[in-house]
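The values are calculated or read from the model by the stated rules, or taken from the named source; none is laboratory data. Keep in mind it's a predicted model, so treat the numbers as computed, not measured. The accessibility values were calculated without ligands, DNA or RNA, using every heavy atom of the protein model including side chains. Shrake-Rupley method; radii C 1.70, N 1.55, O 1.52, S 1.80 Å.
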Amino acid sequence: MSSLRQHIKKKNMNTEVLKVKKNGHKLKEFSITDIGDDHLYTGLETPMKKDAFKLSDEEKKERIAILFEEIMDVMGLDLNDDSLQGTPNRVAKMYIDEIFSGLNPANKPKVALFDNKYKYNQMLVEKNITFYSNCEHHFVPIIGKAHVAYISSGKVIGLSKLNRIVQYYAKRPQVQERLTNQIAEELKTILQTDDIAVIIDAKHLCVSSRGIKDDTSATVTTYYGGQFNTPEKIRELQNYLNN
Ligand SMILES: [Zn+2]
């Protein structure tokens, strides 16, 4: 066992720490066990530690690989098998470089603003943006479509940027309500307007593949800001989405 692995093991497998985590953490009068599979939404910001970026991406991958190997080992998998040997490194790379890359602000898409030269002053709708995210309570996929819309306040952005902003916030451990609001807040800031709408329609694999095992249900979340928060605009937007 490498010294790094021993060090991590000592740090994480400390039984006192585990005991405190298991019994000491309560939300209102509910324990973590009472809450079970019900997903909580605690705020707009993804809860991050102050020192979240103290380690470099390479150091994070190294640690995750060691810890994931530990999980596989505890489950009894034979890490000497040719098929499993590379898995800890693959998972670590996938977490940091791909599916959770949106945790790092350095990966935020750079967005250029342009003047609204065409003086187009109706709603612009970018619909059916496919995204893959992961539920922060089970670390299994959330697969869905995002529809975003805005009314220009004088500035516009490239259409592909709307897609990239959705992908950036999707690539985090997420809850759907937060994903919806994070995309909306980002668009409000970039486009300098409150006239933003975000609709997300997604399937949660923690609901369909396990737990309640409901394969047909889907979750829809919406954000209607500024001019979009009127029955007429909502109806108009829904018409575009249904066509
Ligand atoms: Zn879940």
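Where the accessible area of the chain is counted over protein heavy atoms with a 1.4 Å probe, how much of it, in %, is carbon and sulfur? After summing per-atom areas, the C and S share lands at 53 percent.
Solvent-accessible surface of the chain, taken per residue with a 1.4 Å probe and all protein chains present: 62 Å².
Name the shape class, rounded, prolate or oblate, that the alpha-carbon gyration tensor gives for the chain, where a ≥ b ≥ c are the square roots of its eigenvalues, rounded holds for a/c under 1.5, and otherwise prolate holds if a/b is larger than b/c and oblate otherwise.
prolate
The accessible area of residue 38, taken with all protein chains in place and a 1.4 Å probe, comes to roughly 110 Å².
Can you pull the accessible area of residue 221 for me, 1.4 Å probe, Å² to the nearest 10? The accessible area of residue 221 comes to roughly 20 Å².
Ellipsoid semi-axes for the range 79-153, based on the Cα gyration tensor and the rule √(5λ), read 39, 15, 10 Å when sorted largest first. Rolled with a 1.4 Å probe across the full set of protein chains, the surface gives residue 70 an accessible area near 20 Å². In units of the compact-protein estimate 2.2 N^0.38 Å, the range 137-228 shows a Cα radius of gyration of 1.17.
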